[in-house]
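First the structure, in the form of structure tokens, and then the observations on it.
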Amino acid sequence: MSHITTSDGVRLHVEEAGSGIPVIFVHEFGGDHRSWEPQMRFFARRYRCITFGARGYPPSDVPPDIASYSQARAARDIADVLGGLDIEKAHVVGLSMGGFAALHFGLDFAERALSVVAAGTGYGAEIEHEAYFRDVSETVARSFLEQGSEAFSHTYAEGASRVQFQNKDPRGWAEFQRHLGEHSAEGAANTMRGVQVQRPSLYALEERFRAMNVPTLVISGDEDDHCLQPGIFLKRTIPACGLMVVPKTGHTLNLEEPALFNAALAEFFAMVEAGAWKPRDPRANPAQIMRTR
């Protein structure tokens, strides 16, 4: 365990395991550095694995100023953690909020990304639901502050795309809910207001995604409804992007289906490292149904 100080002076809690090619795991809003334990244990057998607590998530610092939180800052925090560990390049794996950060890292620091995995990524990206997402995000931020993390965690953890995890693995879900209840209410509110509410829609970044040459894997649960269409958009937009949809699965993919998730990442990493994860063959024209000549 260690701390890395970011370029704007925030201390982030960092944990490492294993050796080899680096992989950095970036957690979701409802999780923290502990959320990647099934991946840290599995991939540390042959990779140098790093996980860290985002700003606002103790034992990382909790800056009191909302201006310290943003989507761009979240991507730079990944770069600062890698820099603090003297790592030039890494596979970058993110879930939900962490998936957005991983994608922005691929846009802003492409030369430092061996690959990008964006799992459960898309909340707030759909234009038709943009206003609703911002309103409900503000309600969530206020609820953390008014009720406290432990009380509100029981409500938040039973969201429409989290009950799948609860039904499959009650013990694992209970641990997720307990960890959520230990979060800083101030940090959660600041993160929601500074990052989630203000981040740009993925669709607004289409031109940049089309120019992003980082090997990318997008993974969505088929019952994580607000990530499905954004996932298809990313598949159609990023040149070297694959899309995996996991059946009967919600938002917390890496914990809900750890074996499937780990197997998918292992295959993806291997293909990237072999130079075999390439941009889509131009002959695979999505406008064509059948070839006639």
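A few notes on this one:
- Helical runs assigned H by DSSP (4 residues or longer) give the chain a calculated mean residue ellipticity at 222 nm of -12500 deg cm²/dmol, each run adding -39500 (n - 2.57) before division by the residue total.
- For region 196-289, the equivalent ellipsoid built from the Cα gyration tensor has semi-axes of 22, 19, 14 Å, listed from largest to smallest.
- When you count the other C-beta atoms within 10 angstrom of each residue and take the mean per peptide, 273-282, 225-234, 140-149 line up highest first as 225-234, 140-149, 273-282.
- Virtual spin-label span in nm between residue 287 and residue 2, 7 Å along Cα→Cβ: 5.2
- Each peptide in 63-69, 188-194 receives the mean, over its residues, of other Cβ atoms within 10 Å, and ordering these scores from highest gives 188-194, 63-69.
- Its Cα centre serving as origin, the chain has a Cβ charge dipole (Lys and Arg +1, Asp and Glu -1) of approximately 1100 debye.
- Full-extension gain in nm, residue 127 to residue 89, via 0.36 nm per residue minus C-alpha separation: 10.4 nm
- Cβ-derived FRET efficiency at R0 35 Å, residue 41 paired with residue 201, nearest 0.05: 0.50
- Seen against the Cα atoms of the chain and their longest principal axis, helix 225-237 is set at about 40 degrees.
- Sorted into 5 angstrom bins from 0, the C-alpha pair distances of the chain split as 1, 6, 12, 18, 20, 18, 13, 7, 3, 1, 1, 0, 0, 0 percent.
- With 0.36 nm allotted per residue and the present C-alpha distance subtracted, the residue 171-residue 19 stretch has 51.7 nm of extension available.
- Geometric extent, Cα atoms of region 107-255 - Rg, Dmax (angstrom): 16.3, 44
- Average Cα contact separation per residue, the chain, under 8 Å, 6 or more apart, as relative contact order %: 19
- Extended-chain gain in nm, criterion 0.36 nm per residue less alpha-carbon gap, residue 158 and residue 142: 4.0 nm
- Of all aspartates and glutamates in the structure, those lying under 17 Å Cα to Cα from residue 248, and not within fewer than 8 positions of it along the same chain, are 158, 169, 222, 223, 224, 225, 256, 257.
- Region 68-186 shape via C-alpha gyration tensor axes, a/c threshold 1.5: prolate
- For region 248-293, the gyration tensor built on C-alpha atoms gives an oblate shape. Its axis ratio a/c (a ≥ b ≥ c) is at least 1.5, and a/b is not larger than b/c.
Throughout, read-outs are computed from the coordinates displayed, never taken from laboratory work. This one's a predicted model, so the numbers in the text were calculated from it and none came from an experiment. Note that each Cβ is placed from the backbone with ideal geometry, even for glycine, and that neighbours are counted across all protein chains shown.
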